[in-house]
Amino acid sequence: MMRPMKLAGSELMFGEGCLEYIKTSVHCKKAFIVIGGHAVEENGSLAKVEGYFHDGGAETFVFRGVEPDPHFSTVRRGAQSMLEQKPDMICALGGGSVMDAAKTMWVMYERPELKELDQILHTKPLPKLREKARFICIPTTSGTASEVSRSVVVTDDEKGRKHGIGDMEMMPDIAICDPDVTKSMPQHVTAETGMDALTHAVEALVSNRANYVADILATAAAKDIVKWLPRAYENGDDIQAREMMCDASMTAGLAFTNVSLGIDHSMAQTIGGFFPIAHGRICAILLPYTIDWNSRSDYAKERYSKLAAEMGASYGLAQLVRDLNTRLGIPDTVKGAGIDEGVYMANLQEMAETSLHDGCTKTNPVIPTVSEFAELLKKAYYGA
Ligand SMILES: [Fe+2]
């Protein structure tokens, strides 16, 4: 039976200059702003966001230092700080890691009885949030779509393992997708996060939970990403390309948060748990291999072919992705990304088993066996 669709929280803002919405329409007394590194301070985005909150009559507090692949210890620190500051609005200003960390801090702020990551992982569904604060996401990258998703990925830094948590309660109330905020994204981050967004769209399209509305969103997002990502990559100041990537990434997010993903994400999340590689980079490398593998399903094959044909690629979707990766400076194999061969092969069996048990596997059009996962992981390492 179809699950109910939820397309973002209560307010979804997009387009150049929409950040000003904070000043005119976001009403709160104290905003707790979560950021990662110094980029949003250096490029003026933080000052702009704080200024708009102040103009609207709110106080602000800034929590700094969320690292890539956010650690649970950082989440715990942030939640403690929220308990001291008592904000009525949480605002994540950053990429996927910042948004994911802030969402998890919010859960612990609302529900201080959830003290450990294991408790959060095993509380299904999550209790009601929003008794203390509402939640805004302002993405500074165009890829993860955490601003419209119910999911987070948090790393247990004591055990060195990444965990995904998904619950509609964590859907941000307000998403503000202003391309101005993404303009200073470095070139390789533009490429990697953009390919993460393309992977979301392609996987949502062949998910075994796919539906009419999600198909429309995923197809439109995929087409726009293929068209506009090279332009955003080649010229970061091209505001039209930045805006299209902001919108397309968010649109892919609206699709996948409802119909889920597939084995590209199962393997990407697994490899990312074993080796330090950017999520979008590994998603991009794996994508042609997963398209080829999934094409044993007539359902998936037909959908890939239709999408490729609509984009004018008579040579097929996998080749289109290979060409796009090359243009964006992304290697065509896991080996090419510099991951050590001996360590990768020594962990192949464990990675295959972890991929099989990843939550994204169950919505793939065909479910691989452990040995098929191992074979696929090996193929992606060396190339076809
Ligand atoms: Fe992703």
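Readers should treat all values here as calculations from the given coordinates under stated rules, not as data from a laboratory. All values reported here derive from a predicted model rather than from experimental measurement. Positions of Cβ are backbone-derived with ideal geometry, glycine not excepted, and every protein chain shown enters the neighbour counts.
Amide H contacts of residue 63 (H built 1.01 Å from N, in plane; Pro and chain starts excluded): 33, 34, 35 sit under 5 Å, all sequence-distant by 5 or more or on other chains. Starting from the Kirkwood radius over alpha-carbon pairs of the stretch 207-338, derive D by Stokes-Einstein at 25 °C in a medium of 0.890 mPa s and give it in µm² s⁻¹. Using the Kirkwood radius from Cα pairs, D works out to 158 µm²/s. Sorting 205-211, 96-102, 220-226 by average packing, meaning the other beta carbons within 10 Å per residue, from highest down gives 96-102, 220-226, 205-211. Expressed per residue, the C-alpha convex hull volume of the chain stands at 125 Å³.
Computed with the Debye formula from one identical point scatterer per Cα of the stretch 15-163, without solvent, the log10 of I(q)/I(0) at q = 0.09, 0.10, 0.11, 0.15 Å⁻¹ comes to -0.26, -0.32, -0.38, -0.72. Centroid-to-centroid, using Cα positions, the stretch 190-243 and the stretch 123-165 are 21 Å apart. Magnitude of the charge dipole for the stretch 264-384, about its Cα centre and with charges confined to Cβ atoms of Lys, Arg (+1) and Asp, Glu (-1), is about 280 debye.
Between residue 94 and 138, 140, the built amide H atoms are under 5 Å apart, and every one of these is 5 or more places off in sequence or on another chain.
The rule of thumb for compact globular proteins, 2.2 N^0.38 Å, goes into the C-alpha radius of gyration of the stretch 1-47 1.60 times.
Sorting the segments 370-382, 117-129 by their residues' average number of neighbouring beta-carbon atoms within 10 angstrom, most packed first, yields 370-382, 117-129.
Distance cut-off 27 Å, Cα to Cα: go down the list 6/378; 6/128; 223/378; 48/159; 301/379; 29/162 and report the pairs above it. With Cα atoms farther than 27 Å apart: 6/378; 223/378; 48/159; 29/162. Taken over the C-alpha atoms, the stretch 301-384 has Rg and Dmax values of 15.0, 42 angstrom.
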